[in-house]
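Worksheet for the structure shown next.
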Amino acid sequence: MARVSQEHLDARRRQILDGAARCFARNGFHATSMQDVLAEVGLSAGAVYRYFRGKDDLIAAIAAEAFDRIRGAFEEASKTTPPPTPDVLLGAVIRVFLEERIAGADRQAFARLIIQVWAETVRDEELAKTLSGLFNGMRAAWAELVIVYRETGLLRADVPADHMARTLIAVAQGFIAQQALFGDVDVEILEDGLRGLMSMSVDPV
């Protein structure tokens, strides 16, 4: 029997995930059955269940990939020294995240899929634990960047690193929510808004 290459296995897993994501984005998690996924990807039940036990596994894998994309985009964008300011950094992260969306889905459909993943954490404790771990890892990485901001004189020393990291992540999440709810929102809007807020000056009391 011919040995199946890792490349083939990875491509098949990618095919299943992309097909499931298209179904979920189009019809929602609860209205999508595994039969719908099988029909979308054109594979047998045995071929799909070799990789994923069911919808919950597919949802968890999609969630993990979404966080990996954001983390990867963040790490790439933050390599420069000094690090990019928040408007430049978040703009770069969101662009990469949306450009690497699932095959066959537009930006709004992809954003709606992400919103559904978040909503599933209310129902699925295991998924909630998975997302919590991924979120905490992202918070730690972004907090390290905030420390670099502070060390290079870009940020006041009295701003807790974790507080700013959570706020930066919240801005990215809010942008994804707007994309899901209202359609194609230009990343330039996010960048301009952040740049405007960063330009504000507060007179000392």
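The residue of segment 58-80 that is most open to solvent (accessible area, probe 1.4 Å), among those that are farther than 24 Å from F24 by Cα and touching a residue at least 60 places away in the same chain (Cβ under 8 Å), is E75.
Residues that are modelled with pLDDT under 90, more than 30 Å from A165 (Cα to Cα) and open to solvent by 30 Å² or more (accessible area, probe 1.4 Å): does segment 15-25 have at least one? Yes: one or more hits.
Taking the conditions (1) under 22 Å from A73 (Cα atoms); (2) of a type in the set (D, E); (3) assigned to a loop (DSSP other than H, G, I, E, B) in turn, D158 satisfies each one other than (1).
For (1) of a type in the set (K, R); (2) surrounded by fewer than 13 Cβ atoms within 10 Å (Cβ to Cβ); (3) under 21 Å from A64 (Cα atoms), each residue gets a yes or a no:
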| site | (1), (2), (3) |
| --- | --- |
| L113 | no, no, yes |
| R123 | yes, yes, yes |
| T130 | no, no, yes |
| P160 | no, yes, no |
| V171 | no, no, yes |
| A177 | no, no, yes |
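The values are calculated or read from the model by the stated rules, or taken from the named source; none is laboratory data. Just so it is clear, the structure is predicted and the values come from calculations on it, not from any experiment. Glycine gets a Cβ as well: all are built from the backbone with ideal geometry, and neighbour counts include every protein chain shown. Note: areas computed on protein heavy atoms with side chains; ligands, DNA, RNA excluded. Shrake-Rupley method; radii C 1.70, N 1.55, O 1.52, S 1.80 Å.
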